[in-house]
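Here's the structure we're looking at; comments come further down.
The values are calculated or read from the model by the stated rules, or taken from the named source; none is laboratory data. Please read all numbers here as calculations on a predicted model, not as lab measurements. Cβ placement follows ideal geometry from the backbone for every residue including glycine, while neighbour counts extend to all protein chains displayed.
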Amino acid sequence: MDDLLPEEFAVKQRIVDVIREVYRLYGYEEVETPTLEYLELFEAKSGEEIRHRMFVFNDPHGRKLVLRPEVTASIARLVASKLSRKALPLRLGYIADCYRYDEPQWGRRRRFWQGGLELLGSRDPTSDVEILVASRDVFNKLGIRDYSFKIGHVGILRGLMDKVDQKIQDSILSYIDRKMQKEAFALAEQHVEPETLETMQRLTEMKGSREIVSKASDLLTPWEKARQSLENLSTILDIFFEIDQDIHLEVDLGFARGLEYYTGMIFEQKIVDEPLSFNGGGRYDGLVELFGGQPTPAVGCSIGITRIQMFLMKKKTVEYLETPSVVLAVVGGRAAGYGLRVADAFRSRGAAVAVDVVRRRLSDVIENAVNKGAKYLVIVGDNEMKDNKVTVRDLVAKTQFTGTLEEVFGFLKM
């Protein structure tokens with residue numbers, strides 16, 4: 001679990017600001033759920049991989065609690081309870097820290113931040129596309145262009161296994177998600193007909209451009225639910241491409257994600273030359289009902305804030321750390337109070353001011369201000385205090401003048 005140093009925190013906060021800007025543009029309302037939840041909430045549908053990596057402990061009353069490993073289950077709980085009377089659709093966003101007992105490495109931390117968009121109350125394919133387009137916008141606004149989407153539909157494989165127990169389906173999909181095809185098909189062989197098994201194996205090899213969907217159509221003719229899911233995926237892709245013809249994506253018909261609550265379209269957003277995904281999500285139509293709410297279709301995504309922050313820091317393509325545009329130096333023994341009053345006046349006009357509280361030599365203050373990217377140095381001494389003026393040095397143009405505060409503010413257009 002990392003400490004965030006000033007530059008790291010500034011980059012993280014920039015990502016958060018962009019996600020919140022997307023909330024605003026798409027009409028999402030931000031909510032917050034507790035870091036601690038009851039274990040049962042995540043045991044239900046979190047998936048085998050996450051269940052084994054949760055931080056679980058007992059409270060003083062013996063109740064099993066967990067540090068949340070993800071947030072979608074908490075959102076579903078919230079909609080099933082406190083938001084159950086709200087008119088649908090609901091557009092909810094969150095910024096949250098999550099916890100998993102992963103082996104620390106690049107892109108994986110035991111405490112990590114996620115930003116999510118959850119659209120609840122619509123089965124229409126346009127709601128799936130909204131999540132995809134909003135995901136695109138977050139990356140574009142961060143200046144990340146070399147990304148692509150991997151898109152599939154878990155309903156296709158579930159449709160092939162329609163007569164198989166839900167728990168067995170979840171286990172098979174979990175194996176596929178972890179790239180354990182041998183184990184997945186060994187388990188499937190015990191529960192499906194040979195023709196179905198062969199079709200599942202063929203689907204896991206079908207990936208590429210959107211034309212893959214039409215190639216799979218005849219293959220799925222005997223399985224109505226699987227074929228309907230394929231048609232749903234085709235509609236989603238058509239709408240997505242209608243909005244953005246230049247989007248880069250790969251269709252993967254054997255794609256599965258670790259979380260067991262997915263029922264429809266699923267996706268991951270990746271960056272070129274990076275093995276890990278930076279965003280992922282999909283449709284989860286049964287989760288709110290599972291937690292006692294009304295049947296509520298839903299789709300959403302979870303953007304990896306920590307992973308994106310680490311990527312941007314590694315690339316060194318951004319500097320989001322905002323430094324004060326003004327440094328104020330007090331010279332002389334009696335002008336300290338006047339100097340702080342001047343700094344207060346600058347701040348009231350919206351200027352960021354860092355006061356030199358070390359009382360260094362003026363040449364050292366200038367060097368430090370330039371190194372930190374400050375634009376102006378304000379100098380206050382006994383003479384300035386006596387005349388009720390300040391001296392301003394433009395550190396870029398290397399010019400200097402003395403005047404009243406109003407004259408200075410007029411010159412600086414503040």
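For the range 20-49, which residues satisfy the criterion of being charged (D, E, K, R) and either more than 29 Å from residue 178 (Cα to Cα) or touching an Asp or Glu at 6+ places or on another chain (Cβ under 6 Å) (or both)?
Step one: list which residues in the range 20-49 are charged (D, E, K, R), which gives 20-21, 24, 29-30, 32, 37, 40, 43, 45, 48-49.
Result: 20, 21, 24, 29, 30, 32, 45.
What's the number of the only condition in (1) assigned to a helix (DSSP H, G or I); (2) surrounded by fewer than 18 Cβ atoms within 10 Å (Cβ to Cβ); (3) among the hydrophobic types (A, V, I, L, M, F, W, C) that residue 247 fails to meet?
Here residue 247 meets the rest and fails (1).
Could you tell me how many of the residues in the range 145-176 are touching a Phe, Trp or Tyr at 6+ places or on another chain (Cβ under 6 Å) and crowded, with 23+ Cβ neighbours inside 10 Å? Show your work before the answer.
In the first step, residues of the range 145-176 are kept if they are touching a Phe, Trp or Tyr at 6+ places or on another chain (Cβ under 6 Å); the result is 147, 149, 151-152, 154, 159-160.
The next check asks that each one be crowded, with 23+ Cβ neighbours inside 10 Å; those that pass are 151-152, 154, 160.
Of the residues in that region, 4 qualify.
Within the range 112-128, how many residues turn out to be touching a residue at least 24 places away in the same chain (Cβ under 8 Å), out of contact with any Pro (no Cβ under 7 Å at 6 or more places or on another chain) and part of a loop (DSSP other than H, G, I, E, B)?
0
Would you list the helices (runs of 4 or more DSSP H) that sit entirely within the range 271-365 and hold 3 or more residues that are touching a residue at least 24 places away in the same chain (Cβ under 8 Å) and touching a helix residue (DSSP H, G or I) at 6+ places or on another chain (Cβ under 6 Å)?
Working: elements: 287-290, 305-315, 336-348.
By residue number, 305-315.
Considering only residues that are hydrophobic (A, V, I, L, M, F, W, C), closer than 21 Å to residue 119 by Cα and surrounded by fewer than 20 Cβ atoms within 10 Å (Cβ to Cβ), which ones fall in the range 250-275?
Correct list: empty.
Given the condition among the aliphatic types (A, V, I, L, M) and under 26 Å from residue 406 (Cα atoms), answer yes or no: does some residue in the range 319-326 qualify? If you could, list the steps in order and put the result at the bottom.
Going residue by residue through the range 319-326, those that are among the aliphatic types (A, V, I, L, M) are 321, 326.
Next cut, under 26 Å from residue 406 (Cα atoms) only: 326.
Looking for residues that are among the aliphatic types (A, V, I, L, M) and under 26 Å from residue 406 (Cα atoms), one finds at least one in the range 319-326, hence yes.
Might you check whether a residue that is in the same structural domain as residue 262 (by TED's automatic domain parsing), crowded, with 19+ Cβ neighbours inside 10 Å, modelled with pLDDT of 95 or more and in contact with a Ser or Thr (Cβ under 6 Å, 6 or more places away or on another chain) occurs anywhere in the range 301-312?
Scanning the range 301-312 turns up at least one residue that is in the same structural domain as residue 262 (by TED's automatic domain parsing), crowded, with 19+ Cβ neighbours inside 10 Å, modelled with pLDDT of 95 or more and in contact with a Ser or Thr (Cβ under 6 Å, 6 or more places away or on another chain).
Within 44 Å of the chain's Cα centre (by Cα) and small (Gly, Ala, Ser): which single residue out of 336, 345 fits that description? Let's see the steps before the verdict.
Values: 336 fails: within 44 Å of the chain's Cα centre (by Cα).
Testing whether each residue is within 44 Å of the chain's Cα centre (by Cα) and small (Gly, Ala, Ser) leaves just 345.
Do we have residue 190 as loosely packed, with under 14 Cβ neighbours inside 10 Å and at pLDDT below 90 here? Steps first, answer last, please.
Numbers: loosely packed, with under 14 Cβ neighbours inside 10 Å: yes; at pLDDT below 90: no.
When the stated conditions are applied, residue 190 does not pass them.
Just need a number here: residues in the range 77-124 that are surrounded by fewer than 22 Cβ atoms within 10 Å (Cβ to Cβ) and farther than 21 Å from residue 36 by Cα.
17
Only one of these is within 27 Å of residue 107 (Cβ to Cβ) and surrounded by fewer than 21 Cβ atoms within 10 Å (Cβ to Cβ): 24, 20. Name it. Can you show your working first?
Values: 24 fails: within 27 Å of residue 107 (Cβ to Cβ).
Residue meeting the stated conditions: 20.
So residue 148 ticks every box in (1) out of contact with any Gly (no Cβ under 6 Å at 6 or more places or on another chain); (2) farther than 30 Å from residue 3 by Cβ; (3) part of a helix (DSSP H, G or I) but one. Which box is left unticked?
Single failed check for residue 148: (3).
Residue 142 - would you say it is farther than 15 Å from residue 282 by Cβ, at pLDDT 90 or above and touching a Phe, Trp or Tyr at 6+ places or on another chain (Cβ under 8 Å)? Full working, then the answer.
Working: farther than 15 Å from residue 282 by Cβ: yes; at pLDDT 90 or above: yes; touching a Phe, Trp or Tyr at 6+ places or on another chain (Cβ under 8 Å): no.
When the stated conditions are applied, residue 142 does not pass them.
Show the residue pairs meeting these rules: Cβ distance below 6 Å; 6+ apart or different chains; first residue within the range 83-111 and closer than 19 Å to residue 57 by Cβ; second residue among the aromatic types (Phe, Trp, Tyr).
97/113; 98/112; 99/55; 111/99
Quickly run through the range 210-230 and pick out the residues that are in a helix (DSSP H, G or I), loosely packed, with under 14 Cβ neighbours inside 10 Å and without any contact (Cβ under 8 Å) to a residue 60 or more places away in the chain.
Residues satisfying the conditions are 211, 214, 215, 217, 218.
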